[in-house]
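Written out below as structure tokens is the structure these notes cover.
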Amino acid sequence: MIRKKLKNAILILTSVCMLSGAGTVWADTPDDIWEYTVTTQEDSSLACDFKEVEVLLPASWTGKCGMKVSDDYVTFYHLASRRAHLDDNGSEGGRLFTLCYSQDYSFLNNEPNYSIIGSGAEGIYYMTFPTDVQGYPDEGDIWSEWQTVCEDLDWVKEHITMTHPGEGIVTSDNISASVSGLTSGGYILPESSSRQLSSSELQGMTVDQLQMAINEIYARHHRKFVTPSIQAYFDSQSWYSGTVEAAQFDASSMSETEWANINLMLQCMNTAASGTGNGAAAASGSDHTGDPDAVTIIGQASGSTDIQITDTPNVPIVESSTDGSTVLYANAGVNVRAQAQSGSEIVAVVLEGVGVAVTGETINGWVPVNCNGITGYIYQDYLE
């Protein structure tokens with residue numbers, strides 16, 4: 001088994017799979033986290049093992065998909081769609097998802113369509129998904145294969161795991177104060193290692209509180225922490241004795257109950273981060289620098305704020321929309337195009353769950369819509 005390190009390289013796989021660049025800004029990505037090995041499992045699925053996370057891909061993706069590894073992210077794409085888009089208009093289409101890493105929570109304000117995977121030693125891993133159709137609909141065979149590949153995306157999402165879970169990111173200046181209202185007997189969640197928790201028990205917890213609850217499970221196994229403020233917090237707890245260095249911590253020592261609770265906390269982190277729960281972490285009313293192209297979020301409750309969307313410049317992101325005689329709802333963050341074709345100008349981004357008014361007949365799979373006075377087209381697969 002050979003471990004290779006790629007810098008802005010594309011790996012094309014025949015017996016192993018590959019996948020477009022993403023328009024995200026990453027913060028101080030460590031040099032070695034995207035070193036990888038790819039191995040075929042007994043069931044012929046493909047395991048892409050990075051330093052702290054493993055991506056499992058279905059055997060049916062072999063020879064059909066690609067993986068682009070850069071300094072800052074790894075993108076998985078449909079090979080035939082990518083080639084067709086490049087030949088047609090020079091664009092990098094075919095993106096299925098991108099594996100990203102961040103040492104802060106800036107991505108909460110940059111990404112309209114993401115899912116948190118878990119905590120690394122010093123940061124958070126998450127997936128981002130396209131906000132527009134990425135397949136190549138002009139050739140039937142390519143489009144059919146694209147749709148078949150996309151049917152496995154939920155399976156892939158469920159089979160991405162943290163192989164070396166870490167302490168993640170805690171932004172609170174005073175950890176003790178941030179969790180003080182939750183603690184009982186010195187624990188944030190006293191039974192997190194002994195029974196499976198319910199989502200209702202975690203309702204209202206912030207992203208920081210959930211991350212510390214995950215760290216508390218590690219601390220029960222006497223793990224030490226790299227972040228001084230996290231280490232200081234657990235040192236102050238009478239039940240804790242840190243004897244295992246973070247680099248030597250064996251995640252297999254944790255029980256199925258603990259893993260189930262960690263997975264539940266990660267799901268709640270997604271809810272809290274997106275602003276749909278009481279513990280929303282996404283900033284509101286603030287500016288985010290680093291990219292000259294800012295866009296406007298149209299917010300139903302919070303008003304508007306500027307955010308980064310580097311792959312969708314100078315267009316509004318719609319959080320609420322206009323009622324109409326026929327209303328369809330976005331099943332993911334999706335681009336609104338000026339014309340009924342994938343290469344057309346992007347005029348807005350509609351967030352998941354937002355209803356848009358249908359204004360006419362579908363054209364080659366593109367639905368004409370009106371969202372808050374903005375008219376354009378959304379591909380039908382992103383509406384329901």
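With the Cα gyration tensor of region 122-183 giving a ≥ b ≥ c as the square roots of its eigenvalues, does the rule (a/c under 1.5 for rounded; else a/b larger than b/c for prolate; else oblate) give rounded, prolate or oblate? Could you put the intermediate results ahead of the total?
Values: a/c = 4.15, a/b = 3.08, b/c = 1.35.
Verdict is prolate for region 122-183.
Given Cα pairs under 8 Å that are at least 6 residues apart, what percent is the relative contact order of region 81-142? List each step's numbers first, then the result.
Working: 86 pairs, mean separation 23.1, N = 62.
Normalised by residue count, the contact order of region 81-142 is 37 percent.
With an 8 Å Cα cut-off and a minimum separation of 6 or more residues, compute the relative contact order for region 344-384 in percent.
Working: 41 pairs, mean separation 11.5, N = 41.
Value for region 344-384: 28 percent.
Looking at the square roots a ≥ b ≥ c of the eigenvalues of the Cα gyration tensor of region 147-216, which shape do they give, rounded for a/c under 1.5, prolate if a/b is larger than b/c, or oblate?
Numbers: a/c = 2.51, a/b = 2.03, b/c = 1.24.
Judged from the Cα gyration tensor, region 147-216 comes out prolate (a/c at least 1.5, a/b above b/c).
Pull out a ≥ b ≥ c, the square roots of the eigenvalues of the alpha-carbon gyration tensor of region 103-256, then state rounded if a/c is under 1.5, prolate if not and a/b is larger than b/c, and oblate in the remaining case.
On the way: a/c = 2.43, a/b = 2.19, b/c = 1.11.
Cα axes put region 103-256 in the prolate bin.
In nm, to one decimal, how far is the residue 32 label point from the residue 182 one, both placed 7 Å along Cα→Cβ?
Modelled inter-label distance: 3.2 nm.
If you average the C-alpha positions of region 38-54 and of region 188-218 separately, how far apart do those two centres end up, in angstrom?
Going from one Cα centre to the other spans 29 Å.
5 Å is the cut-off here: which amide hydrogens, built 1.01 Å from N in the peptide plane, fall below it relative to residue 118, excluding neighbours closer than 5 in sequence?
125
Only the coordinates and a few stated rules stand behind these numbers; no lab work does. The shown structure was predicted, so the numbers you read here are calculated from the model rather than taken from an experiment. In this analysis, Cβ positions are derived from the backbone assuming ideal geometry, glycine residues included, and neighbour counts consider all displayed protein chains.
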